[in-house]
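Below: the structure, in structure tokens.
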Amino acid sequence: MSTGNTIIQKKLEHLPAKPGVYLMLNEEGNVIYVGKASSLRNRVRSYFRSTGKQSPKVQALVNHIADFEYIVTDSEVEALILECNLIKEHRPKYNISLRDDKHYPYLKLTLTHDYPRLVVVRSMKKDGNRYFGPYTQVGALNDTIKLLRRLFPLRTCTDSTLARQPRPCLNHHIGRCLAPCKEEVTKEAYQEVVKEVILFLEGKQEDLLRRLKEKMEQAAEELQFEKAAEYRDQIKSVEQVLEKQKIIFAGQQSYDVIAFARGMGEACVQIFFIREGKLIGRNHFFLEGTDDLSRGAIMTAFLKQYYSQAETIPREILLAEVPEEKELLEAWLTGLNGRKVSLKVPRRGEKLQLVEMVAQNALTVLEEEELLRRKKNMLTTEAVLELQRELDLGKPPFRIEGFDISHIQGSMTVASMVVFENGAEKPSDYRRFRIKSVEGPDDYQAMREVVTRRFKHLAKIQAEGTAQEKFAAIPDLILIDGGKGQLNAARELLAEYGLSHIPTFGLAEKEETLFREGDPNPIKLPSNSPALYLVQRVRDEAHRFALTYHRDLRSKDLLHSKLDDVPGVGPKRKKALLRKFGSVARIREASIEELLAVEGINEKVAQAIKDFL
């Protein structure tokens, strides 16, 4: 960006000396950076002064700024809260990003329902429910769910199933559900179990053990020996969990302990969760875009992104680095938590040893990640070069496109196109096709259609000289799943569009061999070679993507019921009828009076349902 931009210069002159948040925009109007300031005037102006002393990252940012906006707040804490929200909303290019944070799952306890249940969700909302996580390891999440279902008999069914459940399910008969569907448990008794689940997930197993032992003793005094035995078994399971947890402190302290290790352009942050002196879990995250930042700035960025979405914040957080604006962060965390939160950097004793242990774990994870990344890059590069040699290609197949056909006995025929670049998947370029010109099981004609729809666009783009279309990229190699027949169908179309120079091979699945047009001898890649592995990955990914699309179409078709054809029955009435009766068969058997008892059903519609069904 040129500092001679008159619009920006005028805006800079009128910036207020108040706290707030600023948003940097590029020429397309997209937000590329979000920041906060105690004085908007001083902070924003600093970007457009002499750039010689600025870091390369800031210089790159300034070169792309076409405009900026700002929001004035009443305090720095308000500015920090707004900054966190805007970064999550816009995910700007030049802000530090917590890699894949939006994908990490949470355990949600639906406290807003009369009979809460545990569900896995991908985002956390302020909706009155309790969230636990995020869980960066799916295996750990699955283990937690299995243990919780064994210990605490909460329902697993959906709300709609609960409303129309005709009798208790199998989970109730094996002791895994309290059967609220048939009101075999009071709301008060169910809520007691919910409280125990919360204690367990908060890491307060000692408190949970005390509650369970009191219940066991009370049940024994009341001669309810079967109930007392159930509590005894629960106590044993919880004690087994406690035995596996590492004792960190002799006392009952609760902390989060955070440290990180720096790599090339990223940092691996490790967080340990200490509850009542025990290590109950740990997670690691990767922060991207950390090249030019101080260690304090990296720690600040992580704290803001992580705790803006964390459900539980302990009163004390132990850190390996002093974060920037420590007092401001403490005020913000205190506001989130509702009680004072302290950020501490230990200098001696067992707390320092704990921080050092977390830092060592962060370094180990970072080294493992970098090693795996180097190994993967080496294998993919080797696979591409080996494929060039084995197939006698003029250049390395940087971009590979794979095609597959899927149908069930000729019905609902679909096709997939997957893309690999430099040996790695590129899902953003994947395409799927609903085949329109084929009746019955004709894979050759289906392949002709999909190749036509893919490459007529490319031929048109090349003729017109445009390069922004979605099909503008030219593949270096085309792989057709299916052998000689499909290969010949594809090659005929490519020749028609003047694209016969693109290397194209058919892949026979059973023999794992490749076929070239006009060559009767199949090409068999060396077994266990990177090239064969790459070809198999392309084939399997095309197959998976086609099957997924086919399954989606079948699901939509199956969701169509006879009710969709009844005059006067729309989505709301259909949903109400199924919620009440559970199936079309039961709706058919219902009387007019029973139909009229359903919300939204009048006499005319009820009669139409009876007549139609």
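State whether one or more residues within the stretch 596-609 are loosely packed, with under 15 Cβ neighbours inside 10 Å and either under 25 Å from residue 486 (Cα atoms) or in contact with a strand residue (DSSP E or B) (Cβ under 6 Å, 6 or more places away or on another chain) (or both).
no
Do the conditions hold for residue 216, that is, is it under 30 Å from residue 343 (Cα atoms) and either modelled with pLDDT of 75 or more or not in a loop (DSSP other than H, G, I, E, B) (or both)?
Against the criterion (under 30 Å from residue 343 (Cα atoms) and either modelled with pLDDT of 75 or more or not in a loop (DSSP other than H, G, I, E, B) (or both)), residue 216 does not qualify.
What's the total number of residues in the stretch 174-212 that are farther than 16 Å from residue 118 by Cα and β-branched (Val, Ile, Thr)?
3
Quickly run through the stretch 581-591 and pick out the residues that are in a helix (DSSP H, G or I) and surrounded by 13 or more Cβ atoms within 10 Å (Cβ to Cβ).
Once the filter is applied, which keeps residues that are in a helix (DSSP H, G or I) and surrounded by 13 or more Cβ atoms within 10 Å (Cβ to Cβ), the stretch 581-591 yields 581, 584, 586, 587, 588.
Condition check ((1) out of contact with any helix residue (DSSP H, G or I) (no Cβ under 9 Å at 6 or more places or on another chain); (2) over 17 Å from residue 306 (Cα atoms); (3) not hydroxyl-bearing (Ser, Thr, Tyr)) across all residues:
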{"site": "20", "(1), (2), (3)": "no, yes, yes"}
{"site": "25", "(1), (2), (3)": "yes, yes, yes"}
{"site": "29", "(1), (2), (3)": "yes, yes, yes"}
{"site": "39", "(1), (2), (3)": "yes, yes, no"}
{"site": "57", "(1), (2), (3)": "yes, yes, yes"}
{"site": "83", "(1), (2), (3)": "no, no, yes"}
{"site": "108", "(1), (2), (3)": "yes, yes, yes"}
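Looking only at the stretch 366-384, filter to residues that are crowded, with 17+ Cβ neighbours inside 10 Å and either among the polar types (S, T, N, Q) or out of contact with any helix residue (DSSP H, G or I) (no Cβ under 8 Å at 6 or more places or on another chain) (or both); which one of those is modelled with the lowest pLDDT?
For the stretch 366-384, the residue satisfying everything is 380.
Do we have residue 571 as modelled with pLDDT of 75 or more and exposed (fewer than 15 other Cβ atoms within 10 Å of the Cβ) here?
For residue 571, the condition - modelled with pLDDT of 75 or more and exposed (fewer than 15 other Cβ atoms within 10 Å of the Cβ) - is met.
Are there any pairs, at least 6 apart or on different chains, whose C-beta atoms fall under 6 Å, with the first in the stretch 64-82 and within 20 Å of residue 29 (Cα to Cα) and the second surrounded by fewer than 17 Cβ atoms within 10 Å (Cβ to Cβ) and among the acidic types (Asp, Glu), and if so, which?
Here the result reads 66/27, each pair linking the stretch 64-82 to a residue that is surrounded by fewer than 17 Cβ atoms within 10 Å (Cβ to Cβ) and among the acidic types (Asp, Glu).
Residues that are at pLDDT 85 or above and within 28 Å of the chain's Cα centre (by Cα): list the helices (runs of 4 or more DSSP H) wholly contained in the stretch 5-114 that include at least 3 such residues.
76-90
Does at least one position in the stretch 385-397 carry a residue that is modelled with pLDDT under 85 and on the phi > 0 side of the Ramachandran plot?
Among the residues of the stretch 385-397, not one is modelled with pLDDT under 85 and on the phi > 0 side of the Ramachandran plot, which makes the answer no.
From the list 382, 390, 386, 321, which residue is of a type in the set (Asp, Glu) and assigned by TED's automatic domain parsing to the domain that holds residue 283?
Working: 382 fails: assigned by TED's automatic domain parsing to the domain that holds residue 283; 390 fails: assigned by TED's automatic domain parsing to the domain that holds residue 283; 386 fails: assigned by TED's automatic domain parsing to the domain that holds residue 283.
Going through 382, 390, 386, 321 in turn, just one is of a type in the set (Asp, Glu) and assigned by TED's automatic domain parsing to the domain that holds residue 283: 321.
Assess whether residue 578 counts as being modelled with pLDDT under 80 and surrounded by 15 or more Cβ atoms within 10 Å (Cβ to Cβ).
So residue 578 passes the test.
If I filter the stretch 130-158 down to residues being part of a loop (DSSP other than H, G, I, E, B) and touching an Asp or Glu at 6+ places or on another chain (Cβ under 8 Å), which single residue comes out as modelled with the highest pLDDT?
Of everything passing the filter in the stretch 130-158, 152 is modelled with the highest pLDDT.
Which condition does residue 127 not pass, out of (1) over 32 Å from the mean Cα position of the chain (by Cα); (2) modelled with pLDDT of 75 or more, if it passes all the others?
Only one criterion is unmet by residue 127, namely (1).
What is the residue count in the stretch 245-276 for residues that are more than 16 Å from residue 295 (Cα to Cα) and modelled with pLDDT under 90?
16
So, in the stretch 159-190, of the ones that are modelled with pLDDT of 80 or more and surrounded by fewer than 15 Cβ atoms within 10 Å (Cβ to Cβ), which residue ends up farthest from residue 281 (Cα to Cα)?
186
The values are calculated or read from the model by the stated rules, or taken from the named source; none is laboratory data. This one's a predicted model, so the numbers in the text were calculated from it and none came from an experiment. Neighbour counts are summed over all protein chains in view; Cβ atoms, including those assigned to glycine, are modelled from backbone coordinates with ideal geometry.
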